[in-house]
Amino acid sequence: MKRFVAIVATLALPACGSSGISATNPANSSAVSSTGSNGATAPLLRRSESPITHVIIVIQENRTTDNLFQGLPGADTQSYGLDSYGNQVTLHATPLEWNGDISHSHGNFVTECNPIPSNLAVCQMNGWNHAQANSPDCPVSGDDYCPYAYVPRSESQPYFDMAAEFAFGDRMFETNEGPSFPAHQELISGTASSAPQFPWRQISANPVPKHSGGGCDSAPGTTVKTIPPEPIGAGEGKPQFPCFDRPTLGDLLTAANVSWRYYQCGTGAGLWHAYDAIQHIWSGGNYSNLVIPQPQQILTDISSNSLAAVSWVTPDGTHSDHPGLGNSGGPSWVGAIVNAVGESSYWNSTAIIVTWDDWGGWYDHVAPHRRNNYNLGFRVPILLISPYVVQPGHVSHVRHEFGSILHFTEETFGTGNLGTTDATSDDLQDSFNYNQSARAFTPISAPAFTPSCNGYKTHEDP
């Protein structure tokens, strides 16, 4: 708790301290701009200039743009890929409920990226036939073409309808080059640093033993692998217990008196339980008000007019889009959230950001810009849903990453930034126009959503 107080005090300072956390408040400036790592520049809007007072960050699982949004009009998708022998491989249809899983470890990222030996920062994007997979029709070793696949439009149609009605980004990249646990840390901190124990290292894997979860209440003996950011190609760092005390966007929001909640299935250690791995929040007296153990509770909070200003929403296993779970419920879950907001009093003040936490091992043709040993990862989809998107069906070609979501939220509420990828990423503002009148909501047609936290246990590999 002493460290928590110290962190909040640091975030409230009017300048950058030795911690590297910036507390610059864009809401107090009318003549500043933001330049992301992709070179895109957008205005840092003052708080009073934006009609957005609610941001909902919906996190789904394990899909690439080529896999889930194949053929989306205006988006850069490709219906074939190359293998390591130079052959052109046509992507084949694989349903959402496919009962297999493809490795999405950092090691498998390197395999699929297949970097040029003379320049490890450049992916050749032709190693997917050597990926490891867990399925009867995908051998563990040898040539494996299961990753060269796309989801049939008949199963993903609600997502396509959201993209057609609102906005989509075809240059959204997973910040980290690895699986769910570090990805969810990136989505709250702008980094997967193992700070403060090993601040120069990144979390590079899910905790072990497999399915042990991850967080400050993990079983004794649970460890997570780490990796140094430099040089590219460096080996693993020292394993450590998966409990950290780095600052988060939640701390910035708290310091600015902005309400927030994180919705997840259950409490305790979990790969998708990001705040359970942050010591000062997990052990804080307000934990039960911030971390909600039933994702579907957000639907009740919307209907009862008790929605927090900022919400992170993770799925249950059967509505996650994660392969290997025998389900196709992701579109119905996301559709339920979008429709609940659109048909409520919150519509004119809300931005819903939907993204997928990692690529899941699936093929994608656009090479990421590798700036170090663990960033950036492969493309993942992003949907931007709001009455203020620039036009229906807008496709952003600006390079985004997970830090862009944090940057957008920080600008919206004038919190300052953490000094991590939130400070170097773009702010998603190319897809919004706050000078236009709020567009009326058009409901999304999707299968009925049945609330459940059954099937939460995933097939994530360490």
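Rule-based calculations on the coordinates, nothing more; no lab input. The model shown is predicted, which means the values in this text are computed figures rather than measured ones. Glycine gets a Cβ as well: all are built from the backbone with ideal geometry, and neighbour counts include every protein chain shown.
Could you work out [θ]222 nm for the chain from helices alone, using -39500 (n - 2.57) per DSSP H run of at least four and dividing by all its residues? Round to the nearest 500 deg cm²/dmol.
-5500 deg cm²/dmol
With N set to the number of residues, divide the alpha-carbon radius of gyration of the chain by 2.2 N^0.38 Å and report two decimals.
0.90
Report the one residue of Tyr80, His184, Leu96 whose Cα lies farthest in the direction of the positive end of the charge dipole of the chain (charges on C-beta: Lys and Arg +1, Asp and Glu -1; origin at the Cα centre).
In the chain, that residue is His184.
Using amide H atoms built in the peptide plane, which far-off residues or other-chain residues are under 5 Å from Asp101 H to H?
Residues meeting the criterion, in which the H sits 1.01 Å from N, are Asn134, Ser135.
Among DSSP beta bridges lying fully in the chain, give the percent that are antiparallel, nearest 5.
Numbers: 26 of 51 bridges.
Among the beta bridges of the chain, antiparallel pairing accounts for roughly 50 percent.
Given H placed on each backbone N at 1.01 Å, which residues far from Ala149 in sequence or on other chains put an amide H within less than 5 Å of it?
Amide H neighbours of Ala149: His92, Tyr363.
Let me know the shape class of the stretch 268-307, please: from the alpha-carbon gyration tensor, a ≥ b ≥ c as square roots of the eigenvalues, rounded when a/c is under 1.5, otherwise prolate if a/b is greater than b/c, or oblate. It would help to have the intermediate numbers written out before the result.
Values: a/c = 3.64, a/b = 1.78, b/c = 2.04.
The shape class here is oblate.
What ranking do Trp200, Trp362 get, fewest neighbouring Cβ atoms within 10 angstrom at the top? Don't skip to the end; give the middle numbers.
On the way: Trp200 12, Trp362 29.
In order of increasing Cβ crowding within 10 Å: Trp200, Trp362.
About the Cα centre, and with charges only on the beta carbon of Lys, Arg (+1) and Asp, Glu (-1), how big is the dipole of the chain? Nearest 20 debye, please. Could you put the intermediate results ahead of the total?
Details: 19 positive and 40 negative charges, 216 e Å.
Using Cβ point charges on Lys, Arg, Asp and Glu, the chain gives about 1040 debye.
Go through Val151, Gly233, Gly107 and say which Cα lies farthest out towards the positive end of the charge dipole of the chain; charges sit on Cβ, +1 for Lys and Arg, -1 for Asp and Glu.
Towards the positive end, the residue furthest out is Gly233.
Between Gln124 and Thr300, what is the label-point separation in nm under the 7 Å Cα-to-beta-carbon projection?
It works out to 5.4 nm between the two label points.
Treating the stretch 78-150 as a set of equal point scatterers at the Cα positions, no solvent, please give the Debye-formula log₁₀ I(q)/I(0) at q = 0.11, 0.24 Å⁻¹.
Evaluating at q = 0.11, 0.24 Å⁻¹ gives log10 I(q)/I(0) of -0.27, -1.16.
Could you check what % of the DSSP bridge pairs in the stretch 210-314 are antiparallel, to the nearest 5? If you can, show how the numbers build up before the last one.
Working: 1 of 8 bridges.
Restricted to the stretch 210-314, the bridges split so that about 10 percent are antiparallel.
With unit charges on the beta carbon (Lys/Arg positive, Asp/Glu negative), name the residue among Tyr262, Ser311, Gly326 whose Cα is farthest towards the positive pole of the charge dipole of the stretch 209-327.
Of the options given, the answer is Gly326.
Determine the equivalent ellipsoid of the stretch 102-261 by diagonalising the alpha-carbon gyration tensor, then write out the semi-axes as square roots of 5 times the eigenvalues, largest first, rounded to whole Å.
Details: eigenvalues 161, 119, 59 Å².
Those come to 28, 24, 17 Å.
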